[in-house]
Amino acid sequence: MRVLTAGVFALAGLIFFTSFNTAKGTNIRTDASLLRLSDLVHERSRKNGELEESNGALRKDVEALAQRDDGSTKADDDRLASLEKRAGTKKLKGEAITVTLNDAPPDATAKLPGYPEPQPDYLVIHQQDLQAVVNAMWQGGAEGIQVMDQRLISTSAVRCVGNTLILQGRVYSPPYTITAVGDPGKLRKALTASPAIQNYMVYVNVYGLGWKVEDNGPVTLPGYSGTVDLHYAKPVE
């Protein structure tokens, strides 16, 4: 028994020494090298935002240099301006509405009879909810759309992982705001007519998911400042 006891204490001492030697006097649990994946994702999102701002500034410099004397006619310049407006790379001013989506309270229960008590999946905003609002706004004649602080273009993809939005390399958490420039009456009508949004409104009324539509009056949407390079598939030679 004494030999066994001595062996246990020796093993404990070895483990303590190894832990101390690894930590080197630091707290292993809070060491920066052991950041959670979510921390790394948000850090990358922040850096992507900084790169977008830098890219936007460089694009303005290039455009300023190109406008000095590029040999184009006024008709060419007008056509380019029209294409830039439709592409979403220039600022857009006009009457707008904003839709805000938010998760339900974590302790939400069914507010109406005949509905089951909510599963966790019922209480969060999903990718299809955001897509439903964006699609309805386009169908309502939106001239431009901004999700959170980013302008959408033809290649933008609204994606969610869990209840976290990933848009053009950046990460966002609810509440989510979607702003569209266009005829407010037509935009509201398109939102009301959307079958996907009608389904979402059931969860709003039963489980308390967030839904708010506001008239903004005149607003200015930012121009898209990220890369516009297109990637496409081609046959393997």
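The values are calculated or read from the model by the stated rules, or taken from the named source; none is laboratory data. Since the model is a prediction, treat every value here as computed from it, not as a measurement. FYI the Cβ positions are ideal-geometry reconstructions off the backbone, even for glycines, and counts take in every protein chain you see. Surface areas here come from the heavy atoms of the whole protein model, side chains and all, with no ligands, DNA or RNA. Shrake-Rupley method; radii C 1.70, N 1.55, O 1.52, S 1.80 Å.
Tabulated data for the structure shown
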read-out	value
Any hit, the range 194-209, residues being of a type in the set (A, V, I, L, M, F, W, C), within 24 Å of residue 92 (Cβ to Cβ), open to solvent by 10 Å² or more (accessible area, probe 1.4 Å) and touching a residue at least 24 places away in the same chain (Cβ under 8 Å)	no
Residue 154, sole failed condition from (1) within 13 Å of the chain's Cα centre (by Cα); (2) farther than 14 Å from residue 96 by Cα; (3) not in a helix (DSSP H, G or I)	(1)
The range 148-192, subset among the charged types (D, E, K, R) and in contact (Cβ under 8 Å) with a residue 40 or more places away in the chain, residue surrounded by the fewest Cβ atoms within 10 Å (Cβ to Cβ)	149
Test: residue 142 is without any contact (Cβ under 8 Å) to a residue 12 or more places away in the chain and assigned to a loop (DSSP other than H, G, I, E, B)	no
Unique match (being within 30 Å of residue 109 (Cβ to Cβ), in a helix (DSSP H, G or I) and hydrophobic (A, V, I, L, M, F, W, C)) among 213, 202	202
Selection status of residue 139, closer than 21 Å to residue 87 by Cβ, surrounded by 21 or more Cβ atoms within 10 Å (Cβ to Cβ) and not charged (D, E, K, R)	no
Identity of the residue in the range 110-133, closer than 30 Å to residue 145 by Cα and among the hydrophobic types (A, V, I, L, M, F, W, C), that ends up surrounded by the most Cβ atoms within 10 Å (Cβ to Cβ)	133
Residue in the range 156-164 that is modelled with pLDDT of 95 or more and in contact with a strand residue (DSSP E or B) (Cβ under 8 Å, 6 or more places away or on another chain) present	no
Filtered residue count, the range 112-154, keeping only those that are among the charged types (D, E, K, R) and out of contact with any Phe, Trp or Tyr (no Cβ under 7 Å at 6 or more places or on another chain)	4
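Condition check ((1) modelled with pLDDT under 65; (2) assigned to a helix (DSSP H, G or I); (3) out of contact with any Leu (no Cβ under 6 Å at 6 or more places or on another chain)) across all residues:
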site: 80; (1), (2), (3): yes, yes, yes
site: 84; (1), (2), (3): yes, yes, yes
site: 90; (1), (2), (3): no, no, yes
site: 93; (1), (2), (3): no, no, yes
site: 98; (1), (2), (3): no, no, yes
site: 101; (1), (2), (3): no, no, yes
site: 108; (1), (2), (3): no, no, no
site: 117; (1), (2), (3): no, no, yes
